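Peer 1: Sending over a structure as structure tokens; questions will come in a sec.
The values are calculated or read from the model by the stated rules, or taken from the named source; none is laboratory data. None of these values were measured; they are calculated from a predicted model. All Cβ positions, glycine included, derive from the backbone under ideal geometry; neighbour counts span all protein chains shown. The protein model used for the area step is the full one, side chains on, heavy atoms only, and it has no ligands, DNA or RNA in it. Shrake-Rupley method; radii C 1.70, N 1.55, O 1.52, S 1.80 Å.
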Amino acid sequence: MSPLTAPRARSARSGRPADVECDALVVGSGAGGAVAALELARAGRSVTVLEEGPRVGTRELAAASPAESMRRLYRNGGATAVFGTPTIAYGEAHAVGGTTVVNGGLLWEPSAAVLDCWAAWSGYGSYRAPVIGPRFAEVRRRLGMIVQEHGDGNEDSRLLALAAESLGWRWQHPQRVVRGCEHRNQCATGCPSGAKQSMAVTYLPEAEALGARVSPGVRVERITHRHGVVRGVEATGPDGRRVRYRPRTLFVAAGPIGTPVLLRRSGIHARTAGRRIALHLNLRTVARFPRVVDAVRGTMFTAQVQEHSALGMLVMPSNLTPGGLGAALAGRAPDLVDDLLAARSQLGMFTTQVRMQGYARIAGTVAGTPLLRHGMTRADHHALRLAFRRTARLLFAAGAVELLPPTSAAGPLRTEADVEAYCARVRPGDWELVSVHAMAGCPMALPGRGGVCDELGRPYGFGNLHLCDASVLPGAPGISPQGTIMSFAHEIVARHLESA
Ligand SMILES: Cc1cc2nc3c(=O)[nH]c(=O)nc-3n(C[C@H](O)[C@H](O)[C@H](O)COP(=O)(O)OP(=O)(O)OC[C@H]3O[C@@H](n4cnc5c(N)ncnc54)[C@H](O)[C@@H]3O)c2cc1C
């Protein structure tokens, strides 16, 4: 083993940061970082992974309340604002395994149409279906993807599927990476049974078995560089001590916001990084049915309506938990809340995902925390109205007798005419929007087209620095993005290994 392959710490004296020499350093351990860690370890590299968040095991997740897990696993306790009209609530995790620890385990392959569109926009033609398809197949195989069919419960999904069929709309059972899901309905606060195949229980342990070291609680502050060569990485350890790593190759996978923030802080493409962050927006509709649906029973959901996916629009039930329902009703009139809680077993909660056409950006930082702003366009407002109209149509076809639209001040809607009146009245600032999918802040595209990195994920002008997470996607895929992110990350690391 060469002296560089094992990390060597030169002890710090008089408060100077300790120096650690290492071969391949990966920042972030989520969907992108875990791929880099495993593939580099498989290629015989000595790998160190620095992860800002904690390592939380399945047993700890099972013992914690959802509120405790939320505070521990999510950045800012789950409340990151993307300011604008309206302000959007954005969520991502910080933990060993990244956001895959709290996600729904949905795994979809990016369509050939989306990849072709990205190739045309970015000026890079090679990340198309013939290249990305086999990468996705590898991810699917490694994570053991299954098709989540209706089982016990999930009556809300059955109703949605039947409604789609009655309208002649396309729907599908979701594809998920779970092994023996116990239907505990706690995906978003960390799987308490270990069924979800997050990076924390798959790629990372495999990389560690091959010798990779994963260091939780280490926050990377800055990358130092000269003439396009990374010289060092300055980090703060769990005990607050500063450490300087001297990697031969650096992979940055700090997530859709973390990666552009780190580049900007390090003076790397500070003008373009984080200027054009793409989002998927979620609209939440509560529906009341004339009979018991017991939506809390079952796994996350078992039907997704994809009829309008070409428009970047998907409809699915969302995890109905008593806490989640309480939060959804929080802004409503007290009498209505009493009434709805009394009818809890007849309620379902539905998510409509819409691809946003305007972009978010990092507008600055306050005490090291990024300030995010978005510029939702008129076309987005129009798309949200269209998405709500179609969702309402579907839910009425499913037998719903009353809908609560994603605007707390609006009363229940009981007819298509009510829906039309609501859509005519709703203003952009009235929408209550959530986003859990951000990407494309450092897109892989030619520099003249707003790109930050090349086809090896290297920021322009750099040789030993690669980006490999959600930030490199050229845009929003319109589907849950983990499969796309991991496929791109596999391809980036493979190209690096071929070129090294
Ligand atoms: C509630 C929820 C449900 C979701 N459901 C799905 C789903 O079912 N299917 C799907 O495809 N997608 C889903 N997603 C989105 C998906 O999980 C993310 O798009 C994906 O994990 C992003 O991968 P990434 O590697 O870019 O970032 P992440 O997975 O977020 O990993 C980035 C990691 O980098 C670390 N980091 C950041 N900055 C630093 C720093 N300076 N120093 C050290 N470490 C740092 C972070 O702590 C984090 O752990 C969901 C997201 C949420 C929030």
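Peer 1: Inspect the stretch 141-158 for any residue being within 16 Å of the ligand (Cβ to nearest atom), modelled with pLDDT of 95 or more, touching a Phe, Trp or Tyr at 6+ places or on another chain (Cβ under 8 Å) and over 15 Å from MET316 (Cβ atoms) and give the result as yes or no.
Peer 2: yes
Peer 1: Scan the stretch 236-269 for residues that are more than 10 Å from the ligand (Cβ to nearest atom), assigned to a loop (DSSP other than H, G, I, E, B) and either open to solvent by 30 Å² or more (accessible area, probe 1.4 Å) or in contact (Cβ under 8 Å) with a residue 40 or more places away in the chain (or both) and jot them down. Quick ask: steps written out before the conclusion?
Peer 2: Let us first name the residues in the stretch 236-269 that are more than 10 Å from the ligand (Cβ to nearest atom), namely 237-251, 260, 263-264, 266-269.
Adding the requirement that they be assigned to a loop (DSSP other than H, G, I, E, B) leaves 237-241, 266-269.
Correct list: PRO238, ASP239, GLY240, ARG241, SER266, GLY267, ILE268, HIS269.
Quick grid of which residues meet (1) among the aliphatic types (A, V, I, L, M); (2) on the phi < 0 side of the Ramachandran plot; (3) open to solvent by 20 Å² or more (accessible area, probe 1.4 Å); (4) not in a helix (DSSP H, G or I):
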position	(1), (2), (3), (4)
VAL56	yes, yes, yes, yes
ALA62	yes, yes, yes, no
GLU68	no, yes, yes, no
ALA81	yes, yes, yes, yes
ASP116	no, yes, yes, no
ALA119	yes, yes, no, no
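Peer 1: Identify the single condition in (1) over 23 Å from THR352 (Cα atoms); (2) among the small types (Gly, Ala, Ser); (3) more than 21 Å from the chain's Cα centre (by Cα) that ALA409 does not satisfy, given that it satisfies every other one.
Peer 2: Condition not satisfied by ALA409: (1).
Peer 1: Which residue, of THR100, THR85, is at pLDDT 95 or above, within 26 Å of GLY375 (Cβ to Cβ) and in contact with a helix residue (DSSP H, G or I) (Cβ under 6 Å, 6 or more places away or on another chain)? If you could, list the steps in order and put the result at the bottom.
Peer 2: Working: THR100 fails: within 26 Å of GLY375 (Cβ to Cβ).
From the options THR100, THR85, the qualifying one is THR85.
Peer 1: Okay, next question. Given (1) modelled with pLDDT of 95 or more; (2) within 26 Å of the chain's Cα centre (by Cα); (3) surrounded by 22 or more Cβ atoms within 10 Å (Cβ to Cβ); (4) assigned to a loop (DSSP other than H, G, I, E, B), identify the lone condition not met by VAL354.
Peer 2: So VAL354 meets the others, but not (4).
Peer 1: Kindly evaluate LEU336 against the criterion of being closer than 22 Å to TYR90 by Cβ and in contact (Cβ under 8 Å) with a residue 24 or more places away in the chain. I'd like the intermediate steps shown before the answer.
Peer 2: Values: closer than 22 Å to TYR90 by Cβ: no; in contact (Cβ under 8 Å) with a residue 24 or more places away in the chain: yes.
So LEU336 does not fit the description; no.
Peer 1: Could you list all residues from the stretch 220-235 that are open to solvent by less than 70 Å² (accessible area, probe 1.4 Å) and either over 22 Å from ALA494 (Cβ atoms) or within 9 Å of the ligand (Cβ to nearest atom) (or both)?
Peer 2: First pass over the stretch 220-235, keeping only residues open to solvent by less than 70 Å² (accessible area, probe 1.4 Å): 220-221, 223-225, 228-230, 232-235.
Scanning the stretch 220-235 gives VAL220, GLU221, ILE223, THR224, HIS225, GLY228, VAL229, GLY232, VAL233, GLU234, ALA235.
Peer 1: Failed condition for ASP152, given (1) open to solvent by less than 50 Å² (accessible area, probe 1.4 Å); (2) over 25 Å from THR202 (Cα atoms), with all others met?
Peer 2: Single failed check for ASP152: (1).
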